[in-house]
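Okay, structure first, notes after.
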């Protein structure tokens with residue numbers, strides 16, 4: 001004779017509330033890419049996209065190259081081995097195309113950064129598509 005199964009104890013879930021209030025989503029009102037100071041986006045003449053820390057965490061974007069896949073007018077470059085972010089013909093690197101232009105220069109706090117970056121201690125990623133970036137030979141990405 002087998003023992004009787006114990007009656008299942010129901011699980012109690014936390015309260016889930018639906019509200020008619022408007023949410024603000026992933027909003028950033030300032031950027032550092034335009035002036036290297038924390039300036040309001042409405043005061044900057046540049047086209048700047050900001051990915052907030054909450055956005056990066058919610059979408060599990062664990063590296064800069066993961067974030068590039070979600071950036072406007074940007075794409076990762078893979079070399080012949082399939083390494084993402086590598087300059088064509090090279091085995092390593094951090095190249096991305098922004099608006100069809102290849103760039104290997106990302107900025108971290110306003111200074112050139114040539115290493116691969118994770119989002120562990122990244123507060124935001126800003127993609128600046130400036131008017132004269134073509135003449136400056138780079139598109140700025142501030143991590």
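Overview of values
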item: Failed criterion for residue 70 (all others in (1) touching a residue at least 40 places away in the same chain (Cβ under 8 Å); (2) surrounded by fewer than 16 Cβ atoms within 10 Å (Cβ to Cβ); (3) in contact with a helix residue (DSSP H, G or I) (Cβ under 9 Å, 6 or more places away or on another chain) hold); result: (1)
item: Matching option when the condition is modelled with pLDDT of 80 or more, assigned to a loop (DSSP other than H, G, I, E, B) and surrounded by 15 or more Cβ atoms within 10 Å (Cβ to Cβ), among 61, 56; result: 61
item: Segment 4-39, residues that are within 20 Å of residue 129 (Cα to Cα) and more than 19 Å from the chain's Cα centre (by Cα); result: 35, 37, 39
item: Residue that is modelled with the highest pLDDT [pool: residues in segment 99-139 that are in contact with a helix residue (DSSP H, G or I) (Cβ under 7 Å, 6 or more places away or on another chain) and under 14 Å from residue 73 (Cα atoms)]; result: 101
item: Residue match in segment 82-98 (condition: surrounded by fewer than 15 Cβ atoms within 10 Å (Cβ to Cβ) and modelled with pLDDT of 80 or more); result: no
item: Residue that is surrounded by the fewest Cβ atoms within 10 Å (Cβ to Cβ) [pool: residues in segment 41-53 that are modelled with pLDDT of 85 or more and more than 19 Å from residue 109 (Cβ to Cβ)]; result: 42
item: Residue in segment 11-33 that is surrounded by the most Cβ atoms within 10 Å (Cβ to Cβ), counting only those that are in contact with a helix residue (DSSP H, G or I) (Cβ under 8 Å, 6 or more places away or on another chain) and in a loop (DSSP other than H, G, I, E, B); result: 28
item: Selection from segment 34-53 of residues that are within 25 Å of residue 120 (Cβ to Cβ) and assigned to a strand (DSSP E or B); result: 48, 49, 50, 51, 52
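The values are calculated or read from the model by the stated rules, or taken from the named source; none is laboratory data. As the structure is a prediction and not an experimental result, all values here were calculated from the model. Heads up, the Cβs are rebuilt from the backbone with ideal geometry, glycines too, and the neighbour counts pull from every protein chain shown.
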